[in-house]
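**Q** Okay, here's the structure, questions in a sec.
Where a number appears in this text, it was derived from the coordinates with a stated rule and is not lab data. Because the structure is predicted, anything quoted here is derived from the model rather than measured. Positions of Cβ are backbone-derived with ideal geometry, glycine not excepted, and every protein chain shown enters the neighbour counts.
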């Protein structure tokens, strides 16, 4: 590993430890509503690719347990799944042996050639990356001209503004997760937060009102790399802990998450 950044090292340790438990812990990702939305978005991204490559090549940046990889393979793409966690990659090798895997160093895509992929996608990853704008630049670099970059599942400005309407939704929709009281590690993390209020259980970094993913900065980076915006969606993320009838009432009335698709233009 080329970097000694303690935040990266902690993310590696945390995700190595929880790799096989990841899906069960993330009801906001692994539910049919969110998976259906994601399938549609990735299908749109694939259809937006305008490269001359016969077999489309996709990079799943920060693959985790294989959420994007599964969809990209189903869409007929040749997938390379990369992550800083060796345990996640070992899991991918078992779940999706047809995909290639690549270990990241947490700093850059030094082992990926420029313009190597027709589609580059990342989901719920950038807030774990210390210099996330550098990661955006690297995803842009390894994307072929006419290819697309998909950035998904990062909180939007409406979430950080915390409108009364959105807070009302949260109060009405969210059911108590009694399982958290039965997890001993949660008490350990609670004590840790007494000394470090910004401690996050899974190594989240940019998840605070004064330090969160800046979508306007991402747009600026992509514009400098000669990308055009193909699609921009603000949506209300569904969680397995939500009361479905309450979610259905508020969907379309407030949002908390963003997805963007960019396409690389010729120089």
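**Q** What does the extension gain come out to for residue 93 and residue 108, with contour length at 0.36 nm per residue minus their alpha carbon separation?
**A** The residue 93-residue 108 span can extend by a further 3.2 nm.
**Q** With the chain treated as a Gaussian network of Cα nodes joined by springs under 10 Å, which of 117, 61, 30 yields the largest mean-square fluctuation?
**A** Per the Cα network of the chain with a 10 Å cutoff, 30 tops the list.
**Q** Also, I was wondering about something else. Test of understanding: ordering 230, 161 by Cβ neighbours within 10 Å, fewest first, what list do you get?
**A** 161, 230
**Q** May I ask for the angle, rounded to the nearest 10°, between helix 164-173 and the longest principal axis of the chain, with both axes built from Cα atoms and the value confined to 0 to 90°?
**A** The angle comes out at about 70 degrees.
**Q** Nearest 10 degrees, 0 to 90: what angle lies between the long axis of helix 86-95 and the longest principal axis of the chain (Cα atoms)?
**A** Tilt of helix 86-95: around 70 degrees.
**Q** Between the stretch 47-122 and the stretch 140-170, what is the separation of their alpha carbon centroids in Å?
**A** So the two Cα centres are separated by 20 Å.
**Q** Compute a Gaussian network model of the chain, connecting alpha carbons closer than 10 Å, and tell me which residue from 203, 147, 64 fluctuates the most.
**A** 203
**Q** In what sequence do 139, 50 fall when counting other Cβ within 10 Å, fewest first?
**A** By the 10 Å Cβ count, ascending, the order reads 50, 139.
**Q** For the chain, give me the percentage of DSSP beta bridges that are antiparallel, rounded to the nearest 5 percent.
**A** So the antiparallel bridges amount to about 45 percent of the total.
**Q** Can you compute the modelled spin-label distance between residue 137 and residue 35, with each label point 7 Å from Cα toward Cβ, in nm?
**A** 3.8 nm
**Q** Given 0.36 nm per residue, what is the gain on full extension from residue 20 to residue 170 after removing their alpha carbon distance, in nm?
**A** Computed gain between residue 20 and residue 170 is 51.1 nm.
**Q** Shape verdict for the stretch 1-136, please, from the Cα gyration tensor: rounded (a/c under 1.5), prolate (a/b greater than b/c) or oblate.
**A** Oblate is the answer for the stretch 1-136, as a/c is 1.5 or above yet b/c matches or exceeds a/b.
**Q** Which value in deg cm²/dmol, rounded to the nearest 500, describes the helix-derived mean residue ellipticity at 222 nm for the chain, given -39,500 (n - 2.57) per DSSP H run of n ≥ 4 and division by the residue count?
**A** Counting only the DSSP helices, I get -11500 deg cm²/dmol.
**Q** To continue, here is another question. By how many degrees, between 0 and 90 and to the nearest 10, does the Cα long axis of helix 6-18 differ from the longest principal axis of the chain?
**A** Its long axis makes an angle of about 80 degrees.
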